[in-house]
1. Out of region A:85-98, which residues are farther than 13 Å from A:THR170 by Cα and assigned to a strand (DSSP E or B)?
2. Condition first: among the charged types (D, E, K, R) and within 11 Å of chain B (Cβ to nearest Cβ). Now tell me which residues in region A:138-192 satisfy that.
3. Hey, among A:VAL96, A:VAL91, A:VAL125, which residue is of a type outside the set (Lys, Arg) and farther than 30 Å from B:ILE6 by Cα?
4. Can you pull out the residues in region A:74-124 that are of a type in the set (Val, Ile, Thr), at the interface with chain B (Cβ under 9 Å from one of its Cβ atoms) and under 23 Å from A:ASN29 (Cα atoms)?
5. Conditions: (1) assigned to a loop (DSSP other than H, G, I, E, B); (2) in contact (Cβ under 8 Å) with a residue 40 or more places away in the chain. A:VAL101 meets all but one. Number of the miss?
6. Given the conditions (1) part of a loop (DSSP other than H, G, I, E, B); (2) at pLDDT below 90, report the number of the one that B:SER101 does not fulfil.
7. Report the residue count in region B:113-144 for those that are among the polar types (S, T, N, Q) and touching a residue at least 12 places away in the same chain (Cβ under 8 Å).
8. Looking only at region A:104-114, filter to residues that are in a loop (DSSP other than H, G, I, E, B) and not β-branched (Val, Ile, Thr); which one of those is surrounded by the fewest Cβ atoms within 10 Å (Cβ to Cβ)?
Amino acid sequence: AVMATSNPSVFLLSVNGQIEGANFPEYDNLYCKYCFVYGHDWAPTSGLEEGITQITCKGSESSHKLIWNFPLETTFKSTNPSGWPQLVVSVYGPDVFGNDVVRGYGATHIPFTPGQHTRTIPMFVPEPTWRLQKFTSWLLGRRPEYTDPKVVAQGEGREVTRVRSQGFVTVSFHIITKDIKKLGYDTGPSSLANTPSATSGWSTGEQPYNME
Amino acid sequence: MAELHIIGQIIGAGGFPQNSLFCKWGVHTGGAWRLLSGLKEGQTQVDIPQTGDMAYWSHPIDLHYATKGLQGWPKLHFQVWHQDSFGRCQLYGYGYCHVPSSPGHHRISCVTWRPLGSWQEQLAQMFVGGGPQLRSPDLIYSGADRYRLHTEAMGTVELELGIIMRHFDKYGVES
């Protein structure tokens, strides 16, 4: 029997990976929430769209390493690369009074070439604009937060926000695609090297643990 | 018609005198190109990094173009601005780079420059800030009339761009 050649109308993007951990010099006892944001031509076909990690604290060996080792396993289907999925992560931790406050938001596009990829995502928090607001927020333990973390995946409306970047989250991906080439899309060579996508500019002299 | 997808981020910028920065960006194409979806210009948030020299914006870019020709290949242009604690803005640099023309992931460092005024203007700039700006932003990505300018080097804008191309091979284009 001969296998019929299919004429696919959708392509699949399969994401296997993990939220490895984070590097936040000033904070400890953090957990991370993640979700995927994608355009209207996309739909998840299997796996979870969101989740929460455990609470982790820095080990005794290297004072900056926060490890989650949290699995990501999701598959998407689409007809169009526009609206390519992004992974949105938000990190939370306790403040001086024990309230949970946000320590960073970040987002990265899911890589589109098959193979292994590592992404170091810079994390930022919205900044209060007035000094009085900064003081009262410190006192009451309530920082400005986004009502919906998914806005981090959008570019519109950012002109009026002031933020402070204060950490990084490292995520690794293993990507498989199906039928992207059959639909005529050329996404370039499969990934060979594993290079982090952002350099962390900490000048503390300690190497962020995931640089090769 | 061939199609081009540009999917990535303006990661941030570093190497500027101060690090409370934001960026106005845009994409310029020739007449043969048509934007099918996505925003082709925008402004990032202002980042004041807690540590280190680099300001991070993580500004997403997701553009879908259709084209009838190779001329006028898309160019990304930037204006990096500094915002101080009082909300005043000062230009820190202009820069542009071509969108990569081969599919796959690309990490790009785009260099920037700033117009240099007369020595009196430079002295005033040291004290009160400000400084000369271009009257028209086209000069950022075009070479015409550049010879009239005297500029100084500023920092770099870091980008990560993913390129997906479709049907270019049907027209015999190799990339």
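1. Of everything in region A:85-98, those that are farther than 13 Å from A:THR170 by Cα and assigned to a strand (DSSP E or B) turn out to be A:GLN86, A:TYR92, A:GLY93, A:PRO94.
2. Selection gives A:GLU156, A:ARG158, A:GLU159, A:ARG162, A:ARG164, A:LYS181, A:ASP186.
3. A:VAL96
4. Scanning region A:74-124 gives a single hit, A:ILE121.
5. In the conditions (1) assigned to a loop (DSSP other than H, G, I, E, B); (2) in contact (Cβ under 8 Å) with a residue 40 or more places away in the chain, A:VAL101 misses (1) alone.
6. The failed condition is (2).
7. Adding up the residues that qualify gives 1.
8. A:PRO114
The values are calculated or read from the model by the stated rules, or taken from the named source; none is laboratory data. Only a predicted model underlies this, so the values are computations on that prediction, with no experimental measurement involved. Reconstructed Cβ throughout: ideal geometry from the backbone, glycine too, with neighbour counts over all protein chains shown.
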